[in-house]
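A short reminder: the numbers here are calculations on the coordinates, not readings from a lab. Everything quoted here is computed from the prediction, not taken from an experiment. No Cβ is skipped: glycine too gets one built from the backbone with ideal geometry, and neighbour counts run over all protein chains shown.
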Amino acid sequence: MLDLRRGVPVVIRDGRAMCLAAPVDGITAARFDDMRARAGGPVRLILNDHRLAHLGLDDPPKTAAIGLRPADTLIDAIRWAADPAAKWPATRPVSPATELESAALLLARRGLLIPAVLCMIPDAAAVPSIESRLASADLLAVSVADVWSHCRAAPSLERITEADVPLEAAPHSRFVVFREAGVLREHVAILIGDSAHWPVPVPVRAHSSCLTGDLFGSVRCDCGSQLRRSVSLIGKRGGGVLLYLAQEGRGTGLINKIRAYQIQDEGLDTVDADRVLGFGGDERDYAVAREMLAQLGITRIDLLTNNPTKLAGMNREPIRVASRSCIYGQLTNENRRYLATKATRAGHWLDALLTHPFDTDADALADADAGTDTDAGTDTGARERAPGR
């Protein structure tokens, strides 16, 4: 995966079959030409259904291959992989991707690269040279089975270290840091207040990292104000846990988030901008968050969220979401379109915030909504109880 992130081709194997794979995101023209010359076989661009649909293909398969012609350059491949204005020529055939190619695409996605991969099936004359490079460790190889096993396995988290870190809105806070095996990601559980006196269910906020909003105060989103209000609200409720998850850009990574911002500046909303790059509306997986809570001995929670997908992702074994509470960020002129898109296209429970003037205090609005208790999943208000609670 690290080689792919550096734009270095890797060999994907399935028994005796192999392909040479390199990500469109990061490979240089010189390396592309060298890879093509060494393989000797046809070059195929592997894309997923989100990108294929944007290129104009009706009802595309989950993963498909586009054959490149000898005259096609790396610039052509990049254009078809990520250019918002690109359309696929109707005369060019699209064929299903092989298992080798699908595995290569999965690895690129796992490495937070644009899901677009160049795959080359070496001809018979090229195989001895590739085998020699593998033997000398000049190239790395991975089996299809290992790719699927690695990318689909439950997260392996190790609790590494912890220390008291007083926060402005929560002076009694402790940071517990987890390392996720197999990827360069670290996640933090912030324990607020005295765990012996936490409410039951425990108030929990699963917050995905947002460099622009959390650290720099961007008003293009509501992440920073949501983060700070989460800490404050959990403290006011008597304590609980804020999970700070390394899932920038709804799971696409910082680089792709900024790429999506650039596309939004050209007129598309946040959902369509991600799909232009080949991503779904929300690429996050909450298995890591559930495992962090389980290691902390927490199984029954009051989840602070406006996101129905997050609620569903967190409400799985061993975690039970016993209730939901809203947690509003600040509504601004700059983020109103973004929040409206989340409400209309992703079903986020934001009606109360979006129907109020910009100067409405979000904390007061959340407090006002917090008086309603209904069955979970049936109400867009702030506080909900799960069936049977």
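Which value in deg cm²/dmol, rounded to the nearest 500, describes the helix-derived mean residue ellipticity at 222 nm for the chain, given -39,500 (n - 2.57) per DSSP H run of n ≥ 4 and division by the residue count?
On the way: 16 runs with 135 residues, N = 389.
Calculated from helices alone, the mean residue ellipticity at 222 nm is -9500 deg cm²/dmol.
Among ARG92, ARG13, ARG259, the residue with the largest mean-square fluctuation in a Gaussian network model of the chain, with springs joining Cα atoms closer than 10 Å, is ARG92.
The lysines whose alpha-carbon is closer than 27 Å to the alpha-carbon of LYS236, local same-chain residues fewer than 8 away aside, are LYS310. Note on ARG31/SER156: beta-carbon distance plugged into 1/(1 + (r/R0)^6) with R0 of 25 Å gives a FRET efficiency of 0.20.
Find the relative contact order for the chain and round it to a whole percent, using C-alpha pairs within less than 8 Å whose residues are 6+ positions apart.
Numbers: 749 pairs, mean separation 51.7, N = 389.
The value is 13 percent.
In a simple Cβ point-charge model (Lys, Arg +1; Asp, Glu -1; nothing else charged), region 2-152 has a dipole of about 160 debye relative to its Cα centre. Computing FRET efficiency as 1/(1 + (r/R0)^6) for ASP59 and ALA181, where r is the C-beta to C-beta distance and R0 is 35 Å, gives about 0.40. Annotation for ARG110 and THR344: the two label points, set 7 Å from Cα along the Cα-Cβ direction, are 3.8 nm apart. Pull up all non-local amide H partners of ALA206: gap of 5 or more, or a different chain, and H-to-H distance under 5 Å with H placed in the peptide plane. Amide H to amide H, under 5 Å and 5 or more residues apart or across chains, ALA206 pairs with LEU243, LEU304. Amide H contacts of ILE319 (H built 1.01 Å from N, in plane; Pro and chain starts excluded): no residue 5 or more places away or on another chain comes under 5 Å. I need the shape label for region 5-115. Rule: rounded when a/c is under 1.5, else prolate if a/b > b/c, else oblate, with a, b, c from the alpha carbon gyration tensor. Rounded, because the longest to shortest axis ratio a/c is under 1.5. Axis angle, to the nearest 10 degrees, between helix 223-236 and the longest C-alpha principal axis of the chain: 40 degrees.
Rounded to the nearest 20, the size of the Cβ-charge dipole of the chain about its Cα centre is 480 debye, with Lys and Arg at +1 and Asp and Glu at -1.
Using only alpha carbon pairs under 8 Å that are at least six residues apart, calculate the relative contact order of region 2-152 and give it in whole percent. Display every interim value, and only then the final one.
Working: 256 pairs, mean separation 53.3, N = 151.
35 percent.
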